[in-house]
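The values are calculated or read from the model by the stated rules, or taken from the named source; none is laboratory data. Note that this is a predicted model, so its numbers are computed, not measured. Backbone-built Cβ (ideal geometry, glycine too); neighbour counts: all protein chains shown.
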């Protein structure tokens, strides 16, 4: 008979499952070589039951990786019969279609055994800074993008397959860092496996099967109860995304149907796959559709297989949201991150208090720098940057935030220690926020210089950018205004934001992250909030007066209430005339 856990015991064990993954997650921060992992936290740890059903993921998991892994690990386990696995085995792959959508995301997966029985699987995906290939968004197929690793055994019964390691080592620019990060993944899996075995022993359990059934079942029940509160219906939204220069816009068409406790998302009508790296595989598309639904309906329930069961996704094969091999996919976040925003927009009228306006961190900007130092030693660094977050019904957008992905902005000191480059400036951009009753988050400017003194690197310094919002800013909601656009300049001249830019000593690069969209009518923003923004230097005096109708004394920071009242009444009157 299946074992039933009382509520208190179940909660204790459930939280322990999460703490196990968090401990594995922490081991990465202590052992990873790349700053993209140590500091920007671009990785995800999780483990599943023996059938591949997700049980727990790290508290700081990245949605694009975790959502894709939840599908991908299940499919990988189905691919091989259970008697295929043995204690001490470790598998590795970076197949974009099997997992997280591009070659840089390398997955290491291990079976967990207890009392000689297979009880679970543990896996982690790292975004490796270097996977070889031509680092640019305008590649035409996946073969240009780096080393493709099918599902292979890295360890067989605890014995390393040196040939696989050698293959990886000879196909990347910075092998010591890449191999070091792979070993960090293996260590994270080891931590997770040891802690699972320890939990089973201390809890007098032989398997995780009964615990998994209850945890997943309760999660599904909670998710469905929240969905059932929304009226049945079909809700539509359309998103427009810019492409490389000279090509037409990409369309994301979403139809979201609420049917009882089920949500059916259909992306039919979206653009066909493109001949650059913006294509998205099904798993990654699912990840950000799931991110939107989960964050709206059950943000506090820990992620596991039960969260996904009410969600059905249809994405036609051969489209930009379900591309076919061998499409280029390196810059898949340039389209994939927008899926959450489009789903929010579709449900904004029925869930106005649970959505946010468009974010300047959609997509996150990934800047890949590499070259050779003065002594000829290769270097390679990736920094991920966010823009202003979109505003919500009750809050301003966060400044310089990576959303809907989950990561951190790499500190300047770390970047300068990892590379020969100099960061000359890093500042918030005044008035870059989308206007609104709640304003969007501010964008940011960073200026990099290639030194031309005794520390100058061997030219060229290569720069590949994966970003967006150069043409279309983050949109506002409910009369909120759009944020500022992104900008990429080389020596003050607009650069190629999709291709590979080669820099020489003395070159200066300026990268502006866009602002987030506003929420609600700007004329309804509390004057005290506008005055505070002016005092803090986030909003200019001119914008306060012209856009918000708030007159602030430039010396004292006090509000001229009579003039503000007169100005706002005049603006409201003019708006009514224009809208009539």
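Going through 505, 459, 451 one at a time, which residue ends up being over 30 Å from residue 238 (Cα atoms) and either assigned to a strand (DSSP E or B) or touching a helix residue (DSSP H, G or I) at 6+ places or on another chain (Cβ under 8 Å) (or both)?
459
Which members of segment 272-282 meet the condition of being modelled with pLDDT under 95 and closer than 19 Å to residue 364 by Cβ?
Selection gives 276, 277, 278.
Do we find that residue 36 is over 23 Å from residue 213 (Cα atoms) and under 22 Å from the mean Cα position of the chain (by Cα) in this structure?
yes
Looking at (1) crowded, with 21+ Cβ neighbours inside 10 Å; (2) at pLDDT 90 or above; (3) farther than 25 Å from residue 322 by Cβ, can you tell me which one residue 117 breaks?
(1)
Could you list all residues from segment 185-211 that are in a helix (DSSP H, G or I) and touching a helix residue (DSSP H, G or I) at 6+ places or on another chain (Cβ under 8 Å)?
Answer for segment 185-211, where residues must be in a helix (DSSP H, G or I) and touching a helix residue (DSSP H, G or I) at 6+ places or on another chain (Cβ under 8 Å): 185, 187, 188, 189, 191, 192, 195, 196, 199, 211.
Of the residues that make up segment 84-103, is at least one at pLDDT below 90 and surrounded by fewer than 24 Cβ atoms within 10 Å (Cβ to Cβ)?
yes
For segment 502-532, how many residues are over 19 Å from residue 476 (Cα atoms) and touching a residue at least 24 places away in the same chain (Cβ under 8 Å)?
14
When you check residue 324 against the structure, is it surrounded by fewer than 24 Cβ atoms within 10 Å (Cβ to Cβ), outside the structural domain of residue 57 (by TED's automatic domain parsing), in a loop (DSSP other than H, G, I, E, B) and at pLDDT below 95, yes or no?
Answer is no for this residue.
Suppose we filter segment 238-259 for residues that are buried (at least 18 other Cβ atoms within 10 Å of the Cβ) and in contact with a helix residue (DSSP H, G or I) (Cβ under 8 Å, 6 or more places away or on another chain); how many remain?
Residues that pass the stated criteria total 7.
Looking at the structure I just gave you, is residue 349 touching a residue at least 24 places away in the same chain (Cβ under 8 Å), in a loop (DSSP other than H, G, I, E, B), under 16 Å from the mean Cα position of the chain (by Cα) and surrounded by fewer than 24 Cβ atoms within 10 Å (Cβ to Cβ)?
Against the criterion (touching a residue at least 24 places away in the same chain (Cβ under 8 Å), in a loop (DSSP other than H, G, I, E, B), under 16 Å from the mean Cα position of the chain (by Cα) and surrounded by fewer than 24 Cβ atoms within 10 Å (Cβ to Cβ)), residue 349 does not qualify.
Considering only segment 86-110, state which residues are closer than 14 Å to residue 121 by Cα and touching a helix residue (DSSP H, G or I) at 6+ places or on another chain (Cβ under 9 Å).
90, 91, 92, 107, 108, 109, 110
Is it the case that some residue within segment 260-268 is surrounded by fewer than 20 Cβ atoms within 10 Å (Cβ to Cβ), touching a helix residue (DSSP H, G or I) at 6+ places or on another chain (Cβ under 9 Å) and in a strand (DSSP E or B)?
Yes, segment 260-268 has at least one match.
Could we say that residue 291 is within 18 Å of residue 254 (Cα to Cα), without any contact (Cβ under 8 Å) to a residue 60 or more places away in the chain and outside the structural domain of residue 139 (by TED's automatic domain parsing) here?
No: the conditions fail for residue 291.
Here is a list: 420, 404. Which entry is assigned to a loop (DSSP other than H, G, I, E, B), touching a residue at least 24 places away in the same chain (Cβ under 8 Å), surrounded by 16 or more Cβ atoms within 10 Å (Cβ to Cβ) and in contact with a helix residue (DSSP H, G or I) (Cβ under 7 Å, 6 or more places away or on another chain)?
404
Considering every residue within segment 251-260, establish whether at least one is over 27 Å from the mean Cα position of the chain (by Cα) and in the same structural domain as residue 20 (by TED's automatic domain parsing).
no
Any residue at all in segment 159-167 that's in contact with a helix residue (DSSP H, G or I) (Cβ under 9 Å, 6 or more places away or on another chain), modelled with pLDDT of 95 or more and outside any strand (DSSP E or B)?
Taking every residue of segment 159-167 in turn, at least one turns out to be in contact with a helix residue (DSSP H, G or I) (Cβ under 9 Å, 6 or more places away or on another chain), modelled with pLDDT of 95 or more and outside any strand (DSSP E or B).
What are the residues in segment 270-282 that are surrounded by fewer than 24 Cβ atoms within 10 Å (Cβ to Cβ) and under 18 Å from residue 68 (Cβ atoms), if any?
Residues satisfying the conditions are 273, 282.
Residue 173 is checked against (1) in contact with a helix residue (DSSP H, G or I) (Cβ under 8 Å, 6 or more places away or on another chain); (2) over 27 Å from residue 18 (Cβ atoms); (3) not in a helix (DSSP H, G or I) and fails just one. What number does that condition carry?
(1)
Within segment 375-399, restricting attention to residues that are surrounded by 23 or more Cβ atoms within 10 Å (Cβ to Cβ) and in a loop (DSSP other than H, G, I, E, B), which residue is modelled with the lowest pLDDT?
This residue is 386.
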